[in-house]
1. Compute the Cα gyration tensor for the range 75-118, then decide on rounded, prolate or oblate, letting a ≥ b ≥ c be the square roots of its eigenvalues: rounded whenever a/c is under 1.5, prolate when a/b is larger than b/c in the other cases, and oblate in all that remain.
2. What length, rounded to one decimal in nm, is gained on full extension from residue 52 through to residue 104, with 0.36 nm per residue of separation minus their alpha-carbon distance?
3. Of 32/151; 25/65; 65/99; 32/108, which pairs sit farther than 24 Å apart, going by alpha carbon to alpha carbon?
4. Starting from the Cα of residue 26, step 7 Å along the direction of its Cβ; do the same at residue 65; then give the gap between the two resulting points in nm.
5. Can you tell me the order of 64-71, 90-97, 32-39 when each peptide is scored by its average per-residue count of other Cβ atoms within 10 angstrom, highest first?
6. Counting only the backbone N, which residues of the range 36-58 are under 14 Å from the spot 7 Å out from the Cα of residue 129 toward its beta-carbon?
Amino acid sequence: MEEQIRSLNHVEIQNLGGILVAAKKEVVRIAKIHLIGGQAKPGPALASIGINMGEFTKQFNDKTKNRNGEVVPCIITAFNDKSFTFITKTSPTSVMLKKAAKLETAGKNQLTDNVATISKEQALEIAKYKLPDLNAYDEDAALRMIAGTAKQMGIKIDNVDLTPKKTAKESK
């Protein structure tokens with residue numbers, strides 16, 4: 001619990017002779033990067049953030065070892081003392097759709113290219129996985145978001161209607 005409080009409020013708690021002292025850390029930078037799960041290495045992308053790269057890669061690889069080889073979006077908050085916190089997100093929808101459709105690249109023109117078709121169940125599985133990171137209230141809304149991304153990539157989803165739903169105001 002204390003770790004969550006530290007990361008949310010950017011507060012450093014120090015024990016000085018039995019007295020707990022809280023000092024607010026100054027946020028220097030917030031960076032959003034995509035790394036490969038379990039395979040992060042120090043490099044230019046991390047160097048430009050200004051954090052302890054060795055410590056970050058160790059923590060990141062430990063946290064994402066069960067997602068080895070997947071693209072993992074990460075939000076890093078860097079502080080003025082070179083310390084950091086990070087949050088991992090779910091894999092990008094486009095990557096998951098290409099994996100489900102067994103594609104290397106998506107269609108170049110969504111109006112003329114229909115490069116693959118996936119089942120509604122596959123799309124629903126992706127929607128359930130992505131639900132924590134989407135601004136959708138239920139699986140149906142998440143599925144429609146996934147279907148919109150798929151349409152832009154030239155991937156068709158069986159039995160999914162993308163026509164806009166009428167709201168209570170519009171039906172009156």
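Bear in mind that the values in this text are calculations on the coordinates, not laboratory data. Model, not experiment: these values are computed from the prediction. Note that we place each Cβ from the backbone using ideal geometry, even for glycine, and neighbour counts take in every protein chain shown.
1. Here the range 75-118 falls in the prolate category.
2. Taking residue 52 through residue 104 to full extension adds about 15.3 nm, to one decimal.
3. Pairs exceeding 24 Å: 32/151; 25/65; 32/108.
4. 3.7 nm
5. 90-97, 32-39, 64-71
6. 37
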